[in-house]
Amino acid sequence: MKRFNVFVILLFFIGTIQAVYSAENNLDMELEVSDEEKIILFGGFAVVVIALFLFLARDIILRKKTSYDKEELESKKEKTYEKYHSGWGDDYEEIGTRKNSKEEKEFRDAAINDDLPNYYAILGLTENATQEEIKKKFRELAKKTHPDKTKEDSEKEMALLNKAYEILSDEENKEKYDKYLKID
């Protein structure tokens, strides 16, 4: 790319020098162009236009195809993939949703129905436990109750432990959980 820019600048510079030279020497010559020269000029302009087009379209031409591009999906027809997977829409929020997430809805519904489990009690912790304490206690309990270790049917207990750790280990989810836990 650098060489191309230098080449274009050099051509421009040589053309400028020739124009100045002819203006100083009062060269009044008429330009006669033969048919072969016209073909060469037209071919040169065509090559430049094609090269310019390819340069401008290089991102589209060189874009790597993903598995999504190869498949015929409904979302491609409706453009929903682009809506939900583009970079500009990361902060997109539907009007009236107020960033209600699935977890928040679960917390709200469980709190209203008095079904919200006390994940702190499940892990044997207090509400002001640190992230290190939560992680340590979860690992300790997971080693004791994992179905592969106990050889018992403890899958439900392990799932409950995993859910408790998932909620309490994420600061954002823990804050939402604490908010709805205090409703009880």
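Values in this text are rule-based calculations from the coordinates and carry no lab data. Not measured: the values here are computed from a predicted model. Using ideal geometry, Cβ is built from the backbone for each residue, glycine included, and neighbour counts are taken over all protein chains shown.
Name the shape class, rounded, prolate or oblate, that the alpha-carbon gyration tensor gives for the range 102-181, where a ≥ b ≥ c are the square roots of its eigenvalues, rounded holds for a/c under 1.5, and otherwise prolate holds if a/b is larger than b/c and oblate otherwise. It comes out oblate by the Cα gyration axes. Taking Lys and Arg as +1 and Asp and Glu as -1, the other residues whose beta-carbon sits under 15 Å from that of Glu132 total +1. Its Cα gyration tensor gives the range 2-62 an equivalent ellipsoid. The semi-axes, each the square root of 5 times an eigenvalue, are 31, 19, 7 Å from largest down.
Based on the Cβ-Cβ distance of Asp35 and Arg63, what FRET efficiency does E = 1/(1 + (r/R0)^6) give at R0 = 45 Å, to the nearest 0.05? Approximately 0.60, to the nearest 0.05.
In this rough spin-label picture, where each label sits 7 Å from Cα along the Cβ direction, the Leu10-Lys102 distance is 6.1 nm. Measuring against 31 Å, Cα to Cα, the residue pairs Lys102/Lys143; Lys65/Lys105; Lys143/Lys174; Lys102/Lys137; Lys149/Lys176 contain Lys65/Lys105; Lys149/Lys176 as the ones spanning a longer distance. Using the Karplus relation 6.51 cos²θ - 1.76 cosθ + 1.60 with θ = phi - 60°, the per-residue 3J(HN,Hα) values for the range 150-155 come to 8, 6, 10, 8, 10, 5 Hz, with x marking Gly and Pro.
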